[in-house]
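A.B. asks: Please see the structure below; I have some questions.
We did not get these values from a lab; they are worked out from the coordinates using the rules stated. From a predicted model like this one, the values you see are computed outputs, not experimental measurements. We place every Cβ from the backbone using ideal geometry, glycine too, and count neighbours over all the protein chains shown.
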Amino acid sequence: MSDNKTQHIGVVGAGVIGICCALNLQRAGFKVTLYDENGLAQGCSKGNAGHFATEQVFPLAHPALLKKLPAMLFNPLGPLRIDWRYIIKALPWFWHFGKNMQSKIYKANTSALKALNQEALSAYENLLNEFNLGHLLTKKGSLLTFETTPLTQINSLYNSFKEQGVAVELLNSEQLRILEPNLTTAISYALLFKDVAHSVDPHLFCLNLAEQFSALGGQFCQQKITSIVQTDKDFTLASKTHNFTADKVVIAAGAWSKSLLTPLGYKIPLDTERGYHCMVTSNYGLSRPVASAERSFIMTPMSQGLRIAGTVEFAGLERKMNAKRALALLPNAKAMLNDTTVDLKPNSVWMGCRPSLPDSLPVIGEAPSHSNLFLAFGHQHLGLTQGAITAELITSLCLKQPTKIDLTPYCISRFSTQAACSSHIPLAQ
């Protein structure tokens, strides 16, 4: 441990992944500086649905999605939109996405997602309990509701989750309303995921962790890192106005990680699934996250009201938000509530850039061609869920200790012809 204090680690990106990594590394004895142009947790970590979605073990690249695509694409306010001006740039991502629909690959990706999610909540509990922050996790499970889906299909999905070891219960309409009496009677069935948590304020959740990082001596630097150069001795992290040095570097810059890695020779099909939310001032009596299978959105009760979130939009990192996509979530939320007279007035709207890879897996590991450069990005819809477990894995690598799970499926080399990640230390027993 004493040697770690002489090593400086630069963590680039102060979303939930970067904050968790910085805190865990500082806790392990390293001297850590966290860099971000926009401040702490100002992107998806601020506006996500607050759902620690450990049940989501199935990758998005499934052949069943192909049947739904035409209807989705022709609805400009539907759950999926591709900006026509962005189609050419998005094609490589969708080409890789299609390849991942192959049965063998899909099963392997499911196993890899499951491996991370199985450890996700216990990793958070270990981290939060050390700082007496266990209350930041609200453990009431989550619901996936069905209005028109045939029971045979619901049973098939239920069995799929059970086969993956997900703690799930099938509820009928009466059982559902015992849990959530303010949901509409039009909901015929629901899946209750029991080992799931949520945050009543994702931004505050991140700020609490960042506060502990600071209390341990960690430093935050509000600078945009534009390039990373490895020298014989260390790394140079450059911004427009300053150069910083570090012995080790963790890239956790979400959807912006690609611009840092491309000059280093790493080609990755990283894109952004832009997500939206709309806040209303009342929780309307809900006590846990409620998702709709048919409407493709989620409602999460939070301290500031009800967060109505969802949609996927491919339009790149620079284009302005389309507020209509956020507001389009309101009619769906109203239809899900028992009181049809409810007037859902938006308090605020938001858009964030989820960092997405076409196999639904993040990149976690040491860069194959750059020792002491560690990668932790591309968590797609599961950044909040996988923050603490990612931090544990990155910390083990920095300490040159065995990792809790095999990191081979998350290596960046899966997208290139480079050698496999060299830092796969034997697994902890």
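A.B. asks: Determine which lysines satisfy two conditions relative to residue 248: a Cα distance under 17 Å, and not lying fewer than 8 residues away in the same chain.
C.D. replies: By straight Cα distance, residue 248 reaches 5, 31, 233, 400.
A.B. asks: Placing unit charges on C-beta atoms (Lys and Arg positive, Asp and Glu negative, everything else neutral), compute the dipole magnitude of the stretch 64-182 about its Cα centre in debye, rounded to 20.
C.D. replies: My answer is approximately 660 debye.
A.B. asks: Further, regarding this structure: By how many nm would the segment from residue 339 to residue 82 lengthen if fully extended, with 0.36 nm per residue of separation less the alpha-carbon distance?
C.D. replies: Working: separation 257, 0.36 × 257 = 92.52 nm, distance 3.40 nm.
Gain in length upon complete extension: 89.1 nm.
A.B. asks: Pick from 210, 388, 115: which is most flexible by mean-square fluctuation in a GNM of the chain where alpha carbon atoms under 10 Å apart are linked?
C.D. replies: Taking springs between Cα atoms under 10 Å, the residue moving most is 115.
A.B. asks: Any lysines with Cα under 21 Å of the residue 162 Cα? List them, leaving off those in the same chain fewer than 8 positions away.
C.D. replies: 104, 107, 114, 139, 140, 194
A.B. asks: Also: Amide H of residue 81 versus every other amide H placed in the peptide plane: which residues, excluding those fewer than 5 positions away on the same chain, fall under 5 Å?
C.D. replies: Amide H to amide H, under 5 Å and 5 or more residues apart or across chains, residue 81 pairs with 312, 313, 314.
A.B. asks: In addition: Could you check which residue among 215, 376, 197 shows the biggest mean-square fluctuation in a GNM of the chain with a 10 Å Cα cutoff?
C.D. replies: 215
A.B. asks: Per the Cauchy relation, a quarter of the hull surface: what is the mean projected area of the convex hull of the alpha carbons in the chain, in nm²?
C.D. replies: 20.2 nm²
A.B. asks: Given labels modelled 7 Å from the Cα in the Cβ direction, how far is it in nm from residue 105 to residue 247?
C.D. replies: Here the modelled spin labels are 4.0 nm apart.
A.B. asks: Please state the charge dipole magnitude for the chain, taken about the Cα centre, from unit charges on C-beta atoms (+1 on K and R, -1 on D and E), reported in debye and rounded to the nearest 20.
C.D. replies: It comes to approximately 880 debye.
A.B. asks: Could you please report the charge total around residue 345, scoring K, R as +1 and D, E as -1 over all other residues with beta-carbon less than 15 angstrom from its beta-carbon?
C.D. replies: In short, 0.
A.B. asks: To continue, here is another question. Hey, what D do you get for the stretch 98-215 in µm²/s if you plug the Kirkwood alpha-carbon radius into Stokes-Einstein at 37 °C and 0.692 mPa s?
C.D. replies: Approximately 194 µm²/s, per Stokes-Einstein.
A.B. asks: Also: Give the distance, in whole Å, between the Cα centre of the stretch 44-101 and the Cα centre of the stretch 352-373.
C.D. replies: Using only Cα atoms to place each centre, the spacing works out to 18 Å.
A.B. asks: What residue among 315, 207, 40 has its Cα farthest toward the positive end of the dipole of the chain, where the charges are +1 on Lys, Arg and -1 on Asp, Glu, each on the Cβ?
C.D. replies: Comparing the listed Cα positions along the dipole, 315 ranks first.
A.B. asks: Can you tell me how much longer the chain between residue 135 and residue 230 gets when fully stretched, taken as 0.36 nm per residue apart minus their C-alpha distance, in nm with one decimal?
C.D. replies: Net length gain for the segment: 30.1 nm.
A.B. asks: With unit charges on the beta carbon (Lys/Arg positive, Asp/Glu negative), name the residue among 164, 136, 401 whose Cα is farthest towards the positive pole of the charge dipole of the chain.
C.D. replies: With unit charges placed on the Cβ atoms, the residue in question is 164.
A.B. asks: Separate question: Using Cα pairs under 8 angstrom and six or more residues apart, how large is the relative contact order of the chain, in percent?
C.D. replies: Reported relative contact order: 24 percent.
A.B. asks: With contacts defined as alpha carbon pairs under 8 Å and 6 or more residues apart, what's the relative contact order of the stretch 279-429 in percent?
C.D. replies: Computed over the stretch 279-429, the figure is 17 percent.
A.B. asks: How big is the charge dipole of the stretch 69-139 about its Cα centre, in debye rounded to the nearest 20, if each Lys and Arg gets +1 on its Cβ and each Asp and Glu gets -1 on its Cβ?
C.D. replies: Dipole magnitude for the stretch 69-139 comes out near 460 debye.
A.B. asks: Here's a follow-up. For the chain, with a Gaussian network of springs between Cα atoms less than 10 Å apart, report the residue from 224, 258, 400 with the top mean-square fluctuation.
C.D. replies: Looking only at 224, 258, 400, the largest GNM fluctuation is found for 400.
A.B. asks: Still on this structure, I have one more. How large is ³J(HN,Hα), in whole Hz, for each residue of the stretch 348-364 in order, when computed from phi with the Karplus curve 6.51 cos²θ - 1.76 cosθ + 1.60 and θ = phi - 60°, using x for Gly and Pro?
C.D. replies: Here the 3J(HN,Hα) series is 7, 10, 8, 9, x, 9, 5, x, 10, 10, x, 9, 6, 10, x, 9, 9 Hz.
A.B. asks: For the stretch 141-195, just say rounded, prolate or oblate: build the C-alpha gyration tensor, square-root its eigenvalues into a ≥ b ≥ c, call rounded for a/c under 1.5, and beyond that prolate if a/b exceeds b/c, oblate if not.
C.D. replies: Note, shape of the stretch 141-195 comes out oblate.
A.B. asks: Whole-Hz ³J(HN,Hα) for each residue in the stretch 91-108, computed from phi via Karplus 6.51 cos²θ - 1.76 cosθ + 1.60 with θ = phi - 60°, x for glycine and proline: what do you get?
C.D. replies: 4, x, 4, 6, 5, 5, 4, x, 4, 6, 7, 4, 3, 5, 5, 4, 5, 5
A.B. asks: Next question. Indicate the gyration tensor shape class of the stretch 93-155 (rounded, prolate or oblate), computed on the Cα atoms with a ≥ b ≥ c the square roots of the eigenvalues: a/c under 1.5 is rounded; otherwise a/b larger than b/c is prolate and the rest oblate.
C.D. replies: oblate
A.B. asks: Still on this structure, please answer the following. With θ set to phi - 60° and the Karplus curve 6.51 cos²θ - 1.76 cosθ + 1.60, what are the ³J(HN,Hα) couplings of the stretch 263-271 in order, to the nearest whole Hz, using x for Gly and Pro?
C.D. replies: With coefficients 6.51, -1.76 and 1.60, one gets x, 8, x, 9, 9, 9, x, 8, 9 Hz.
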